[in-house]
Amino acid sequence: MAMNNQGRPSAPVHTSDPGAYEETFSGSKGLDQAEPLIFERKTYGKTGVDFEVSTGTVTRLGTLVREGGLGLPGLSEPEAMRHYVRLSRKNYAIDLGLYPLGSCTMKHNPRLNEKLARLPGFADVHPLQPQSTVQGAYALIGELAHWLMTLTNMPAVAMSPKAGAHGELCGMMAIRAALDARAEHHRRRVLAPESAHGTNPATAVQCGFSCDEIPANQRGRVDMEAFKAKLGADVAAIMLTNPNTCGLFEGDIREIADLMHEAGGYFYCDGANFNAISGRVRPGDLGVDAMHFNLHKTYSTPHGGGGPGSGPTVLSEALAPYAPLPFLVREGESWRMVEDQAAAEAVNADPFGRMTAFHGNMGMFVRAMSYMLSHGADGLKQASEDAVLNANYVLARLKHVMTPSFEGLCMHEALFDDRFLKDTGVTTLDFAKAMIDEGYHPMTMYFPLVVHGAMLIEPTESESRESVDRFCDTLEALALAAKAGETERFTAAPRFAPVRRLDETKAARQPVLRWTPPAADAHAAEQPPSGG
Ligand SMILES: *Cc1c(COP(=O)(O)O)cnc(C)c1O
């Protein structure tokens, strides 16, 4: 089928072949409107509002005055409205259907949390307001910090990091500061399992460490012999995710922590998967020295849509003194934000520096606090248990047609690989594209890298059994279709999406971020809009 340069199907030729009727003349499908780029409308020189051409104003911009037109498309209000509504209908969203992405977690965004985050007393406070006027906001940050420390059994938490990766940076900078304080400048090697999220080695290197990969064993966990062999006087830390990115609990975690401490290094735990163990396991009991939360993956504010993040990082006794500025201290009934080095030293702290301009992502704090208070301590535990139950249900329902990568139970996500597609001519990518035709956003594909053609599925706690069943029925049917030789169902997918197969490598490596008008239109785009 012919595609235009945007990857959209071009209009079909007139034919008596019924198969060709899948393409429409308009490009729209079933009331889903085809929508070009806003610039492709060629509506330069038009505006949606009628302003008088201003006269008698004196510009003081001198030679900086713009000479040509801006080249912006001109749309009326209903045209602009339709453009964005049409685009929004092409989005898949957690409010639309099950979102099986693994290593991504939060799929539920209670409306209550949104409502509370929008309360003017939280939403409209300004970070430069006098401290006496934001005591309520500080009390909320303090209370959230208390919950985070309680859930982890850790003595301190840095609230300002604004994402998981930012929290990693915070923890690793604290580790670096602690090593520097011990004058152990030779400790520059950080161990990380090969299944680690890409941010882990990136963070280590960013902090001036080198990264050394630990292989996984047959069971998808850290290979203990390989780990022990890598310990040495130049090791600064281990960065470990638990449950790991294969959705498996690292059962040797206590021994890993002990061996790392004996070797003089620290234990950074990537807490992105904390939604699997929240309320059940306290990382402080496992010997962790630093761990970030992804509040946006664990306690509401779903990420994945590019929304804001928040990565508070808990710290052990050994690392707590180095927590970054600013931080809150409680003085009787009131709170004080410690903003600078001198004030920090006055409370016996030795911050490694500052990570953000202000105190962190207030809106996410409110959502997380609201999530925690509405669930209660027992509810947080139940959410973790249900997330694990749902993932194991998926594993149990699909293991006869798909190939689980590891034996036994999983935690919050179920990992399959592409062995069940062997000799079918269907790849993991094809399989995922066929899911789009069935109304499902694909699962996480080709990650983690430790298994071939990975398919990582995380239903989370908020999906009902009916919803998970419908999802499993679909995947089961697809797996059987692949095995039955219906290869084209997969290789030609997606057939019903607004855009079909794209050159994803090219899109990632050479993204076209700027629209340039075709030569014929360039002149029109440069003209100043005619008045009126
Ligand atoms: C998401 C994730 C991160 C990074 O968190 P961001 O908030 O996206 O920066 C790190 N590690 C793991 C295992 C993750 O899933």
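The values are calculated or read from the model by the stated rules, or taken from the named source; none is laboratory data. Given the structure is predicted, the values throughout are model-derived calculations rather than measurements. So basically every Cβ, Gly included, is an ideal-geometry build from the backbone, and we count neighbours across all protein chains shown. The accessibility values were calculated without ligands, DNA or RNA, using every heavy atom of the protein model including side chains. Shrake-Rupley method; radii C 1.70, N 1.55, O 1.52, S 1.80 Å.
I want to check the label-to-label distance for Glu466 and Arg118. Put each point 7 Å from Cα in the C-beta direction and report it in nm to one decimal.
Result: 2.8 nm between the two label points.
Multiplying the sequence separation of Ser76 and Thr474 by 0.36 nm and subtracting their Cα-Cα distance, what value in nm do you get?
Values: separation 398, 0.36 × 398 = 143.28 nm, distance 4.26 nm.
Going from the current span to full extension adds 139.0 nm.
Just the number, please: percent antiparallel of the DSSP beta bridges in the chain, rounded to the nearest 5. Show your work: numbers first, answer last.
Details: 22 of 40 bridges.
Looking only at bridges with both residues in the chain, the antiparallel portion is about 55 percent.
At q = 0.14, 0.16, 0.19, 0.20 Å⁻¹, what is the base-10 log of I(q)/I(0) for the range 177-285 according to the Debye formula with one equal point scatterer per Cα and no solvent? Please give it to two decimals.
The Debye formula, applied to the Cα set alone, gives -0.52, -0.69, -0.97, -1.07.
Send over the per residue convex hull volume for the chain, Cα only, as a whole number of Å³. Write out the running numbers ahead of the final one.
Values: hull volume 112.2 nm³, N = 532.
Taking the convex hull of the Cα positions in the chain, it is 211 Å³ per residue.
Taking the range 113-370 on its own, what percent of its Cα-Cα pair distances exceed 35 Å?
Numbers: 4634 of 33153 pairs.
Every Cα pair in the range 113-370 considered, those over 35 Å come to 14 percent.
What list of whole percents do you get for P(r) of the range 137-182, with Cα-Cα distances grouped in 10 Å bins up to the one holding the largest distance?
All Cα pairs, binned at 10 Å, distribute as 25, 46, 26, 3 percent.
Order of 164-176, 362-374 by packing, highest average Cβ count within 10 Å first? Before the final figure, lay out each step's value.
Values: 164-176: 26.8, 362-374: 22.0.
Packing order, densest peptide first, comes out as 164-176, 362-374.
Straight-line reach from Lys46: which lysines have a Cα under 16 Å away, not including same-chain ones fewer than 8 places off?
none
At 37 °C and 0.692 mPa s, grab the translational diffusion coefficient of the range 299-407 from Stokes-Einstein with a Kirkwood Rh over Cα pairs, rounded to a whole number in µm² per second.
185 µm²/s
Among 244-255, 480-491, 495-506, how do they line up by average Cβ neighbours within 10 Å per residue, starting with the highest? All intermediate terms of the calculation are to be shown ahead of the outcome.
Working: 244-255: 20.4, 480-491: 15.4, 495-506: 13.0.
In decreasing order of mean packing, 244-255, 480-491, 495-506 become 244-255, 480-491, 495-506.
Using 12 Å as the cut-off for backbone N distance, which residues of the range 405-445 belong to the label zone defined by a point 7 Å from the Cα of Arg495 along Cα→Cβ?
Answer for this model: 434, 437-438.
Considering only DSSP beta bridges whose two residues both sit in the range 113-370, what percent are antiparallel, to the nearest 5? All intermediate terms of the calculation are to be shown ahead of the outcome.
Details: 12 of 30 bridges.
Antiparallel bridges make up about 40 percent of those DSSP assigns within the range 113-370.
With unit charges on the beta carbon (Lys/Arg positive, Asp/Glu negative), name the residue among Val190, Leu116, Thr59 whose Cα is farthest towards the positive pole of the charge dipole of the chain.
Thr59
Highest mean first, what order results for 69-75, 100-106, 437-443 on Cβ atoms within 10 Å?
Details: 69-75: 15.9, 100-106: 23.0, 437-443: 18.4.
Averaged packing, sorted descending, gives the order 100-106, 437-443, 69-75.
With a cut-off of 8 Å between alpha carbons and a minimum separation of six or more residues, what is the relative contact order of the chain in percent? Present the calculation step by step, with values, prior to reporting the outcome.
Values: 936 pairs, mean separation 106.2, N = 532.
Reported relative contact order: 20 percent.
At a Cα cut-off below 18 Å, give the lysines reachable from Lys483, other chains included and same-chain residues fewer than 8 away excluded.
Lys399, Lys422, Lys433
Rolling a 1.4 angstrom probe over the protein heavy atoms, how many square angstrom per residue are accessible across the range 113-370? All intermediate terms of the calculation are to be shown ahead of the outcome.
Working: 9810 Å² over 258 residues.
Normalised by residue count, the accessible surface of the range 113-370 is 38 Å².
Once Rh for the range 382-459 is found with the Kirkwood sum over Cα pairs, what is the Stokes-Einstein diffusion coefficient at 10 °C and 1.306 mPa s, in µm²/s?
On the way: Rh = 12.9 Å.
Translational D for this selection: 124 µm²/s.
Could I have the simple spin-label model distance between Ala93 and Leu449, label points 7 Å from Cα toward Cβ, reported in nm to one decimal?
A separation of 3.5 nm, rounded to one decimal place.
Mind putting a number on the dipole of the range 113-370 about its Cα centre? Charges go on the C-beta only, +1 for Lys and Arg and -1 for Asp and Glu, and I need it in Debye to the nearest 20.
Using only the charged Cβ atoms, the result is roughly 580 debye.
Excluding Glu114 itself, calculate the net charge of residues whose Cβ lies under 12 Å from the Cβ of Glu114, where each Lys or Arg counts +1 and each Asp or Glu counts -1.
On the way: positive: Arg111, Lys115, Arg118, Arg367; negative: Asp95.
With Lys, Arg at +1 and Asp, Glu at -1, the neighbours total +3.
In the chain, carbon and sulfur make up what percent of the accessible area (probe 1.4 Å)?
Details: 14330 of 26160 Å².
About 55 percent, which is the carbon plus sulfur part of the accessible surface.
With label points built 7 Å along Cα→Cβ from the Cα atoms of Ser132 and Thr505, find their separation and express it in nm.
Here the answer is 6.5 nm between the modelled labels.
What whole number of Å gives the distance from the Cα centroid of the range 481-498 to the Cα centroid of the range 279-300?
41 Å
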